[in-house]
Each structure stands twice: as C-alpha cells, then as structure tokens.
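Visitor: For reference, the structure I am asking about is given below.
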Amino acid sequence: DTGVSQNPRHKITKRGQNVTFRCDPISEHNRLYWYRQTLGQGPEFLTYFQNEAQLEKSRLLSDRFSAERPKGSFSTLEIQRTEQGDSAMYLCASSDRGNSPLHFGNGTRLTVT
Amino acid sequence: AQSVTQPDIHITVSEGASLELRCNYSYGATPYLFWYVQSPGQGLQLLLKYFSGDTLVQGIKGFEAEFKRSQSSFNLRKPSVHWSDAAEYFCAEAIGSNYKLTFGKGTLLTVNP
C-alpha cells in the first residue's frame with residue numbers, strides 16, 4: 001500500500017491557461033473521488049468514478065472541468081481556461097468498496113494568477 | 001440539503017488538557033460518520049468512523065468519538081492532548097452507496113506548551 005499519489009504537488013498558472021492534474025489511487029481500489037478545498041473550508045465533492053465509469057458529478061464541476069479515468073486506474077482532472085476562482089487544493093481519494101473509508105492523497109495546490 | 005456543522009472554527013488547548021471537538025450532522029436516517037485530520041499542506045487522514053453498533057468508537061492516536069442520535073452529534077474527544085495533535089479536524093458524513101462525503105468546515109486546533 002503506497003497510498004494515493006497526486007502530481008504535481010503545486011501548480012502556478014496564469015488565468016486562461018489549461019492545467020491537468022494526475023491521481024494514482026491505491027492499486028486495488030476501484031473507486032476514485034475528486035474533491036476541491038478552498039481556504040478555510042472543508043473539502044467539497046467534485047466527481048466520482050467506479051472503475052472507468054464516471055458515476056456522479058457535482059454542479060461545482062463546470063463545463064471547464066473534465067475528469068477521466070481510462071482503464072480504471074489513474075485519473076486526470078483538467079481545468080480549461082482557468083480563472084482565479086479555481087485556486088484551491090484539489091484532493092483525490094480512493095476506496096475499494098462501498099463501506100471502505102476514503103484514503104486521500106496529499107493534494108495538488110493550484111494558484112491562478 | 002445534507003450538511004455537517006462544526007460550530008468551533010478554532011480551539012486552543014494546553015498540552016495535556018482534554019479535548020472535545022463538536023460535530024452535528026443533518027441526515028435523519030443512520031449516517032456514516034467520520035473524523036479526519038489534516039496537517040498543513042497535507043491530505044486528510046482518517047481518525048475514526050461510525051457505521052452502526054456501539055455508539056462510542058475508538059480511533060487512532062488516542063481519539064474517540066460518540067454518536068448521539070438524539071442530538072444529531074458525533075463529537076470527537078481525547079483525554080490528553082499532545083503538541084503533535086495541532087492540526088485541522090474535519091467531521092464528515094456519507095450517505096448512499098457511492099460513499100460521497102460531505103465535510104464540515106473544520107476546526108483548527110492549536111496546542112499551547
């Protein structure tokens with residue numbers, strides 16, 4: 001169990017640029033979640049995959065955001081035409097079955113200037 | 001809408017003192033409840049969870065929490081706080097098979113020597 005890995009740890013980008021983050025879940029986990037955490041807030045749910053299928057998306061996930069999980073392994077979260085309001089910590093988590101707790105990665109901190 | 005309330009934004013205790021962090025959940029049926037801890041710049045680590053059964057649950061690092069349905073509460077406690085416990089603590093609730101978590105806004109714990 002090497003834990004959930006997220007890359008990069010930090011990303012600074014200019015407004016209007018596209019960014020992509022990667023999440024590698026714990027290897028046997030078939031469920032993968034993305035959350036966003038802004039300063040002073042708890043994490044907010046963005047989207048959820050079971051294997052390669054994206055089963056739920058939050059209304060927070062505007063059409064500038066897209067997430068994929070090809071082959072049900074790693075996942076990517078892309079933000080197009082970034083805005084300053086996108087600045088946040090993006091957290092990935094995984095679990096292996098319905099009642100199994102989520103294991104979180106250390107997150108990717110995005111700063112949009 | 002589902003919500004988790006952590007009434008205390010910031011708590012300061014002296015090392016060795018007891019600790020109680022408050023959490024109220026909103027879902028009326030049997031919830032799945034969790035406490036996570038987050039150190040600065042890090043992801044979230046699970047302290048403990050409640051699904052059903054015994055209402056007093058034990059977690060890691062000497063933490064425990066008690067589920068009280070009549071008060072819709074799931075307060076976190078520790079009899080003697082250590083300086084290393086300084087962090088932000090999040091209460092969370094999950095409903096349904098997709099295990100989507102709703103987090104409170106967190107309580108920042110400061111430990112004085």
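Visitor: Ignoring ligands and nucleic acids, what accessible area does residue B:9 show with a 1.4 Å probe (Å², nearest 10)?
Guide: Here the accessible area works out near 140 Å².
Visitor: A 31 angstrom limit on the alpha carbon distance is what I want to check against. Which of A:11/A:57; A:14/B:61; A:71/B:68; A:57/B:61 exceed it? Don't jump to the answer; show the numbers that get you there.
Guide: Working: A:11/A:57 23 Å; A:14/B:61 41 Å; A:71/B:68 42 Å; A:57/B:61 34 Å.
Result: A:14/B:61; A:71/B:68; A:57/B:61 exceed 31 Å.
Visitor: In the Gaussian network model of chain B, springs joining C-alpha atoms below 10 Å, which of B:89, B:99, B:50 carries the largest mean-square fluctuation?
Guide: Per the Cα network of chain B with a 10 Å cutoff, B:99 tops the list.
Visitor: To the nearest 10 square angstrom, what accessible area does residue A:14 show with a 1.4 Å probe?
Guide: Looks like 140 Å² after rounding.
Visitor: If N is the number of residues in chain A, what value comes out of its Cα radius of gyration divided by 2.2 N^0.38 Å?
Guide: Normalised Rg, Cα atoms only: 1.00.
Visitor: Based on the Cβ-Cβ distance from residue B:112 to residue B:68, what FRET efficiency comes out when R0 is 30 Å, to the nearest 0.05?
Guide: That pair, residue B:112 with residue B:68, gives E of 0.55.
Visitor: Could I ask something else about it? Could you rank B:49, B:78 by how accessible they are, 1.4 Å probe, largest area first?
Guide: B:49, B:78
Visitor: I would also like to ask the following. Taking beta carbons within 10 Å but only from partner chains, what does the mean come to for residues B:37-47?
Guide: 5
Visitor: What does the accessible area of residue B:80 come to, in Å² to the nearest 10, when a probe of 1.4 Å is used?
Guide: 60 Å²
The values are calculated or read from the model by the stated rules, or taken from the named source; none is laboratory data. What you see is a predicted model; the values in this text were computed from it and never measured. Ideal geometry is used to build each Cβ from the backbone, glycine not excepted, and the neighbour counts take in all protein chains shown. All accessible areas refer to the heavy atoms of the entire protein, side chains included, with ligands and DNA or RNA removed. Shrake-Rupley method; radii C 1.70, N 1.55, O 1.52, S 1.80 Å.
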